[in-house]
Amino acid sequence: MIIHKTAAELAEAIAAGELTAEAVTRAFLDRIEAVDGRVHAFLHVDAEGALATARQVDADRAAGRALGPLAGVPVAVKDIVVTKGLPTTAASKILEGWIPPYDATIVARLKAAGMPILGKTNLDEFAMGSSTEYSAFGVTRNPWDLNRIPGGSGGGSAAAVAARMAPLAIGTDTGGSIRQPGAVTGTVGGKPTYGGTSRYGLIAFSSSLDTPGPVARTMLDAALLHEVIAGHDPRDSTSIPQPVPPVSAAARQGAEGDLTGVRLGMVREFGGDGAEPAVLAAYQAGVEALVKLGAEIVEVSCPHFEYALPAYYLIAPSECSSNLARFDSVRYGLRVGDDGSRSLEEVMSATREAGFGPEVKRRIILGTYALSSGYVDEYYGQAQKVRTLITRDFEAAFAKVDALISPTTPFAAFEFGARTSDPYQMYLADLYTIPSNLSGGPAVSVPVGLADGLPAGLQVMAPTMRDDVAYRVGAALESTQEPRLADQVPDVADKEL
Amino acid sequence: MTAISRDEVAHLAHLARLDVTEAELDRFAQQLDVILQSVQRIGEVAADDIPPTSHAVPLTNVYRADEPVPGLSREAALAGAPDVAEDRFRVPRILGEEE
């Protein structure tokens with residue numbers, strides 16, 4: 001069945017003429033039609049556009065033109081990445097109905113690669129959250145248990161891939177928004193090196209942290225998508241002008257199941273305080289599997305990692321309060337209360353009040369506080385210094401080991417409403433993922449097993465621009481699982497809400 | 001001791017142009033207090049002589065070649081605006097009656 005094939009298998013079948021890109025795209029569109037009423041992974045589906053791209057790929061193949069490695073393989077795109085002519089909302093009322101006039105660089109690269117774009121996926125508003133409960137357009141449900149969250153902010157992309165509505169998806173990761181949804185939906189999530197993938201056309205949340213990356217069912221699929229979207233972009237001044245790390249070759253090497261000579265560090269400070277025992281047990285089983293593959297495991301200390309969460313919740317809201325100032329009711333999006341009696345400032349305040357949800361408002365206020373004169377040195381400035389110390393912790397660790405490993409997130413998918421009343425409890429979901437955002441290094445989450453019937457992930461963190469190391473280790477771990485966790489997802493078509 | 005008062009939250013919301021309701025002020029003040037108490041631990045780290053990191057990529061002064069490239073057309077740039085008049089963004093009045 002088409003929807004159960006991996007992206008690599010689909011690409012091969014299309015290139016060999018065994019399947020048409022149109023048939024593949026139709027299969028996923030039919031699946032969306034059949035199950036997204038239950039999951040709600042998509043905010044917008046573009047059947048016509050996806051089929052047009054697919055037909056073009058089929059015509060190119062018939063004409064003997066060269067096809068890219070993922071030509072004809074459909075992809076879903078997180079709705080914070082702008083798509084020319086397709087609605088883009090960032091799951092916020094303030095952008096409801098907005099049609100971008102341009103494509104993000106990574107979207108332009110998907111199109112150039114002949115990848116049909118199925119639609120736009122749900123997220124926490126402006127990517128702020130860990131459960132997709134803060135979407136202004138309704139929650140996304142976890143295909144493993146429809147009463148639980150799919151992670152966030154990229155819950156829509158992860159759920160779409162887990163439920164076989166898309167073989168691949170694009171996410172963005174500012175504090176864990178690709179990796180944590182991957183962990184709790186049993187899918188693979190890759191956060192590339194910051195600067196390795198272009199931010200041009202991402203609706204900015206925290207500019208020094210935001211990183212787009214791949215969501216997939218296997219490490220190889222994630223690597224192939226990574227290679228389509230990565231590489232220098234002159235339109236992003238923080239884009240790294242270096243060759244893309246050889247991640248698909250590394251995933252293939254890892255799949256051979258030999259980690260002899262690879263040294264992996266377990267972070268002592270991620271010793272499990274507050275982590276669920278079942279999640280830790282799944283992680284421990286993964287560590288043992290890595291040892292069996294020949295990896296040498298050593299304990300390393302990263303003493304400043306315990307300050308990563310506080311540093312992040314000062315830096316990210318500060319940058320967000322500045323970035324979201326652009327939603328001023330003038331150039332795009334919502335305008336409220338412009339009845340001729342109100343000033344611009346009054347209309348702006350009314351619009352932002354009506355257009356932003358609670359988490360976005362909290363973070364804007366928090367960031368405004370952390371940047372106010374009198375507090376800026378104590379909060380934002382101090383957080384930036386701690387960011388330096390966390391980066392130095394990574395550098396010291398990578399002098400001893402090839403990569404660091406940890407659980408991806410301290411807890412498996414929780415029930416709706418469990419963490420929304422106390423925002424700090426929600427923030428803890430990103431405890432283990434945030435350090436890589438602060439340092440800019442690459443990290444992947446690979447499914448590691450079930451914790452009381454719910455998926456858990458193992459995170460591999462690698463040095464800057466050594467994304468290939470993370471892919472190799474992740475693929476090796478994946479090779480020990482038969483069947484893979486991503487192939488065991490319960491069929492939501494049969495489930496009751 | 002509270003880290004932030006309700007009045008401070010109201011002031012910050014005004015600075016950020018958020019017309020928050022009284023009920024939101026109550027809720028945000030309490031929630032932001034919890035968050036700030038939690039992040040205040042950052043002050044424990046001795047970092048006086050540590051240089052700040054604003055960015056993970058050590059690139060500075062990145063410029064493109066000084067050559068004209070096409071941008072958005074006026075029509076495309078205005079297409080998403082809430083209100084347009086005479087090919088421009090139309091905004092509510094900026095100055096008060098007496099100004």
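None of the figures in this text is laboratory data; all of them are computed from the coordinates on show. Keep in mind that what you see is a predicted model, and the values were worked out from it rather than measured. In this analysis, Cβ positions are derived from the backbone assuming ideal geometry, glycine residues included, and neighbour counts consider all displayed protein chains.
Points worth noting:
- Dipole magnitude for chain B: computed about the Cα centre from +1 point charges on Lys and Arg Cβ and -1 point charges on Asp and Glu Cβ, it is near 360 debye.
- Positive-end residue of A:S479, B:V84, A:T89, charge dipole of the protein assembly as shown with Cβ unit charges: A:S479
- Across q = 0.14, 0.31 Å⁻¹, the range A:438-478 modelled as identical point scatterers on its alpha-carbon atoms has Debye log10 I(q)/I(0) values of -0.34, -0.97, in the order of the q list.
- Rounded to the nearest 10 degrees, the inclination of helix B:22-39 to the longest alpha-carbon principal axis of chain B is 60 degrees.
- Partner lysines whose Cα lies under 22 Å from the Cα of A:K400, excluding those fewer than 8 positions away in the same chain, are identified as A:K292.
- Diffusion constant of the range A:1-121 at 10 °C, which comes from Stokes-Einstein with the Kirkwood Cα-pair radius and 1.306 mPa s, µm²/s: 108
- Note on chain A: dipole from Cβ charges, positive end direction compared against A:A295, A:P490, A:M461; the farthest Cα belongs to A:M461.
- Unit charges on C-beta of K, R, D, E only; dipole of the protein assembly as shown, Debye: 1060
- Fraction of the pair-distance distribution of the protein assembly as shown above 36 Å, Cα-Cα pairs, percent: 32
- Candidates B:R74, B:R64, B:R17, ranked by Gaussian network fluctuation over chain B, Cα under 10 Å, top entry: B:R74
- Normalised by residue count, the range A:366-470 yields a Cα convex hull volume of 115 Å³ per residue.
- With the convex hull drawn around the C-alpha atoms of the range A:84-222, the volume per residue stands at 99 Å³.
- C-alpha long axis of helix B:6-15 to longest principal axis of chain B, angle in °: 20
- The protein assembly as shown, helix-only ellipticity at 222 nm - DSSP H runs n ≥ 4, -39,500 (n - 2.57), divided by all residues, nearest 500: -11000 deg cm²/dmol
- For the range A:310-381, the normalised intensity computed at q = 0.19, 0.24 Å⁻¹ comes to -0.76, -0.99 (log10 of I(q)/I(0), Debye sum over alpha carbons, equal scatterers, no solvent).
- Alpha-carbon geometry of chain B: the Rg and the Dmax are 22.6, 58 Å, given in that order.
- Residue exposure proxy: A:K78, A:K385, A:K84, ordered by other Cβ atoms within 10 angstrom of their Cβ from fewest to most, comes out as A:K84, A:K385, A:K78.
- GNM top mover of B:D33, B:D87, B:D48 - chain B, alpha-carbon springs below 10 Å: B:D87
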